[in-house]
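Enquirer: If you scroll down you'll find the structure; I have some questions about it.
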Amino acid sequence: MQETRSTCPYCGVGCGVIIDSDGAQITAVRGDPAHPANFGRLCTKGMTLHLTASSPITRQTRLLQPMHRAHRADAPQPLSWDAALDLAAGKIADSIEKHGPEAIAFYVSGQLLTEDYYVFNKLAKGLIGSNHIDSNSRLCMSSAVAGYKATLGADAPPCCYDDLQHAQCLFIAGSNTAWAHPIVFRRIEAARAANPGMKIIVVDPRRTDTAGMADLFLPLQPGSDVMLFNGMLHLMLREGWVDSAYIDAHTTGFAELKTLVRHCTPERVAQVCGISQADLATAARWFATGADSDPAQRGATLSLYCQGLNQSSSGTAKNAALINLHLATGQIGKPGAGPFSLTGQPNAMGGREVGAMANLLSAHRDLGSPQHRAEVAALWGLPSVPDKPGKSAVEMFQAAADGEIKVLWIACTNPAQSMPDQTTVRRALQRAEFVLVQEAFAGAATCAYADLLLPATTWGEKTGTVTNSERRISRVRAAVPAPGQARHDWAIAVQLAHRLEARLRPGAATLFPYDTGHPEHGAQTIWNEHRASTRGRDLDITGLSWPLLDAAGPQQWPLPEGRTTGAARLYEDGIYPTADGRARFAAHAWQPTAEQRQARYPLSLSTGRLRDQWHGMTRTGTLGRLFGHAAEPGVQLHPQDMQRRNLRNGDLVQVSSQRGAIIVPVQADATLGLAQAFIAMHWGSEFLSGRSASGEPLAGVNALTPSAFCPASRQPELKHTAVQVLKADLP
Ligand code: SF4
């Protein structure tokens, strides 16, 4: 038996795990008591990792060899690795020659390791010359990124999990922490037990399990968050609860924001948000003063937030409006205080750090900055990197559906199920001339569209690093060998890149000098190149070698050369990474959701997570015990909305939007407001049937959701769709 220390592959809490294995099979998983994210605890998903890794369904659905489909109507046939890589390199190089580099696009994943992400980004922007690389993190955290950059000057969550112990007021907005980040929720419960005076405010249209522990629950109307936050600031100003000394010393732009929030009166907020003026006043007071403490003392206020703010057509405004409250009250840069975004995926942060998004470059550099492009070109040994903006997730699939993008390379993500507006995504996958899918599980809906399927390793088999919500970098280590012919994601990209270099840069030294024959060495070489690229940047990790991670355990960034531990929290000196060192208030007026309820679609549909399932269920859906919490898909409605439609629990209903319809059982749920509906995001075509407006079969709830996105972050509005729910008219 052997023990391997690694990291849970599910959510952004980033819990440490100890994997027991017999050298061939993973036999057990325990929480790592030494890991600072979880101190030995695991949630249901983490605790069952070993079972999902070895379940009979997992074994059946593992992709174990390259598979090729000569014609789309054919069944895929096995192919050797050499033939598969030659084929893919040929298709890509031919397409570049015929249509230019921008005909090639990459859609990658927050479940890749930082090293995988780094290579994909260099391959797309450095070798091929296409900035069309985006991640499914676009669907997850890009509004948080844009919100931090607009206000604090850098994409750097300033807080840490230990802040939960120091907070006197906890403001949770758009996050069902109890289900989506269960170990953070355990830490909240522990903090509350240690400090019974702590006040918890929960803002959510649904009375979730998280709301169940709130001292104050604000069941706001979907999409009205900016009005709520601006209204809180209005009251803070009126009552003298702002911290004028902090504003004067460390910020700019407050005058404009003051003018904006003058109109956000309690009456107006109550009307738009659907909450009482008394509750609004309590929320503003607790937030500003750190609950009931003496205003002169100011207890600490910590905000936790997630997809309820991010997955919105005004996601950046929501993030910025909440950060404004922290800046206006000086609730930042001290223990227990600050805006703290919870990342959805295990390595959404790592993707941001290496710049594997359409608008980013390595080490939090911006593609739009000529200086940053020149710096990255110099780091990569290239004359330049392309300046034309890349396409974000929604735009990328739209461009492929329009015939503009010819080759789609998809790694470790399942856009046929997870992207909004499935009809467009399907059209993109069908119209692209070559679709390469790098996957561990052949059951993912996107695999059905692949011309070439390349088998990738997955958790328990991979080696590298991930970064969690609190900027903490942890090692991921292989406990068992790769099954069948599966290869590591970065190694597949490197081997294909070497073939492309022979066509695109004949005779030149390789840009990818990473040893694919020795994964530990190869991945560490990539890591060292990445960390060298961070020198002098806000996330400087030039001091963080793998030997240090192995010796000292997971570390938070920044950790520049000369330091041996990272920074627990940022901006304690009140100096921000902006040109003048000051944080910037961002004045955003409230905007309604992209789709409005209307006579034909009178309900607001929100999607979200279940406690025991993960994403499209390729892993968690293989284990019967994880269905104990929710055995089948369903749409939840308020009992009065059920009554009005003459529906009873378990009736099959058709949930329809402008884009399509799905059929699911309905359940009464009084935790929802009137005219609201909720469906868990996980269920795919194995569990429910759906049709697009034009009659094509669809793979999940995203048959319904719109492709509207935030203009600043380009994150789609998955949290709001106008729908109708009616009894299904079954034959
Ligand atoms: Fe894994 Fe997240 Fe659960 Fe921790 S809280 S065990 S990281 S799923």
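Enquirer: Roughly how far apart, in whole Å, are the Cα centres of the range 431-479 and the range 131-178?
Expert: 24 Å
Enquirer: While we're on this one: Note down the magnitude of the dipole of the range 2-60 about its Cα centre, charges +1 on Lys and Arg C-beta and -1 on Asp and Glu C-beta and zero elsewhere, to the nearest 20 debye.
Expert: Magnitude of the dipole: close to 180 debye.
Enquirer: For the range 603-727, compute Rh as the Kirkwood radius over C-alpha pairs and then the Stokes-Einstein diffusion coefficient at 10 °C and 1.306 mPa s; write the answer in µm²/s, rounded to an integer. Present the calculation step by step, with values, prior to reporting the outcome.
Expert: Numbers: Rh = 14.9 Å.
Roughly 107 µm²/s, to the nearest whole number.
Enquirer: To the nearest 0.05, how large is the calculated FRET efficiency for Glu696 and Asp248 if R₀ is 60 Å and r is the Cβ-Cβ distance?
Expert: After rounding, the FRET efficiency stands at 0.55.
Enquirer: Tell me which aspartates and glutamates have Cα within less than 15 Å of Lys258's Cα, excluding those fewer than 8 residues away on the same chain?
Expert: Hits, sequence-local ones excluded: Glu239, Asp243, Asp248.
Enquirer: Let me ask you something else. How big is the C-alpha Rg of the chain next to the rule-of-thumb value 2.2 N^0.38 Å, as a ratio?
Expert: 0.91
Enquirer: Next question, about the same structure. Would you mind listing how long the range 142-342 runs along its three principal axes, going by Cα atoms, in whole Å with the largest first?
Expert: 40, 33, 33
Enquirer: Roughly speaking, what % of Cα-Cα pairs in the range 560-618 are separated by over 16 Å, rounded to a whole number?
Expert: Result: 76 percent of Cα pairs exceed 16 Å.
Enquirer: Among bridges DSSP assigns within the chain, what percent are antiparallel (round to 5)? Please list the in-between numbers first.
Expert: Numbers: 45 of 89 bridges.
The answer is about 50 percent antiparallel.
Enquirer: Oh, and also: Considering only DSSP beta bridges whose two residues both sit in the range 603-727, what percent are antiparallel, to the nearest 5? Each step should come with its number before you reach the end.
Expert: Numbers: 21 of 29 bridges.
Roughly 70 percent of the beta bridges in the range 603-727 run antiparallel, per DSSP.
Enquirer: Put +1 on the Cβ of each Lys and Arg and -1 on the Cβ of each Asp and Glu in the range 4-140; which of Thr4, Ser95, Leu49 then has its Cα farthest toward the positive end of the dipole?
Expert: My answer, from the dipole projection, is Leu49.
Enquirer: Quickly estimate the mean residue ellipticity at 222 nm for the chain, helices only: each DSSP H run with n ≥ 4 gives -39500 (n - 2.57), and the total goes over all residues, rounded to 500.
Expert: -9000 deg cm²/dmol
Enquirer: Distances over 22 Å make up what percent of all Cα-Cα pairs in the range 317-465?
Expert: When every Cα pair of the range 317-465 is considered, 59 percent fall beyond 22 Å.
Enquirer: Taking θ = phi - 60°, what integer Hz values does the Karplus form 6.51 cos²θ - 1.76 cosθ + 1.60 yield along the range 418-435, in sequence order, with x for Gly and Pro?
Expert: 8, 6, x, 6, 4, 4, 5, 5, 4, 4, 4, 5, 6, 7, 4, 6, 8, 10
Enquirer: Please list, or write none, the lysines whose alpha carbon is within less than 29 Å of the alpha carbon of Lys91, excluding same-chain residues fewer than 8 places away.
Expert: Lys122, Lys125, Lys388, Lys391, Lys406, Lys462
Enquirer: Report for the range 342-474 the percent antiparallel among DSSP-assigned beta bridges with both residues inside it, nearest 5.
Expert: 30 percent
Enquirer: If R0 is 51 Å, what FRET efficiency do you get for Glu239 and Glu189 from their C-beta distance, rounded to 0.05?
Expert: According to the calculation, E is roughly 0.95.
Enquirer: Let me ask another. Among Val269, Val655, Pro158, pick out the residue whose Cα is farthest towards the positive end of the charge dipole of the chain, where Lys and Arg carry +1 and Asp and Glu carry -1 on C-beta, about the Cα centre.
Expert: In the chain, that residue is Val655.
Enquirer: I'd like the distance between the alpha-carbon centres of the range 692-713 and the range 667-686, rounded to an integer number of Å.
Expert: 17 Å
Enquirer: With only alpha-carbon pairs counted, each pair once and no self-pairs, how large is the Kirkwood hydrodynamic radius of the range 2-60 in angstroms?
Expert: Roughly 11.6 Å, rounded to one decimal.
Enquirer: Still on this structure, please answer the following. If packing is taken as the mean number of other Cβ atoms within 10 Å per residue, what is the order of 237-245, 318-326, highest first?
Expert: Those peptides, ordered most packed to least, come out 318-326, 237-245.
Enquirer: For Gln591 and Asn646, FRET efficiency with R0 = 45 Å and r from the beta-carbon atoms, rounded to 0.05?
Expert: The computed FRET efficiency comes out at 0.80.
Enquirer: Taking the alpha-carbon distance from Lys199 and a cut-off under 26 Å, which lysines remain once sequence neighbours fewer than 8 residues away in the same chain are dropped?
Expert: Cα-Cα hits under 26 Å: Lys318, Lys334.
Enquirer: Please give, to one decimal in nm, the separation of the simple spin-label points placed at Glu561 and Met1, each 7 Å out from Cα toward the Cβ.
Expert: For the pair Glu561/Met1, the computed spacing is 4.4 nm.
Enquirer: Also, quick follow-up: Mind jotting down the distance between the C-alpha centroids of the range 227-279 and the range 54-88, whole Å?
Expert: Each part's Cα centre sits 57 Å from the other's.
Enquirer: How large is the dipole of the chain about the Cα centre if only Lys and Arg carry +1 and Asp and Glu carry -1, each at its Cβ, rounded to the nearest 20 debye?
Expert: 800 debye
Enquirer: Sticking with this one: Got a sec to turn the phi values of the range 40-50 into Karplus ³J(HN,Hα) couplings, 6.51 cos²θ - 1.76 cosθ + 1.60 with θ = phi - 60°, whole Hz, x for Gly and Pro?
Expert: Once rounded to whole Hz, the list reads x, 7, 9, 8, 4, 5, x, 5, 9, 4, 5.
Every number in this text was worked out from the coordinates using simple rules, so none of it is lab data. Here the structure is a predicted model, which is why all the values come from computation and not from measurement. As a convention, Cβ positions derive from the backbone with ideal geometry for all residues, glycine included, and neighbour counts pool all protein chains shown.
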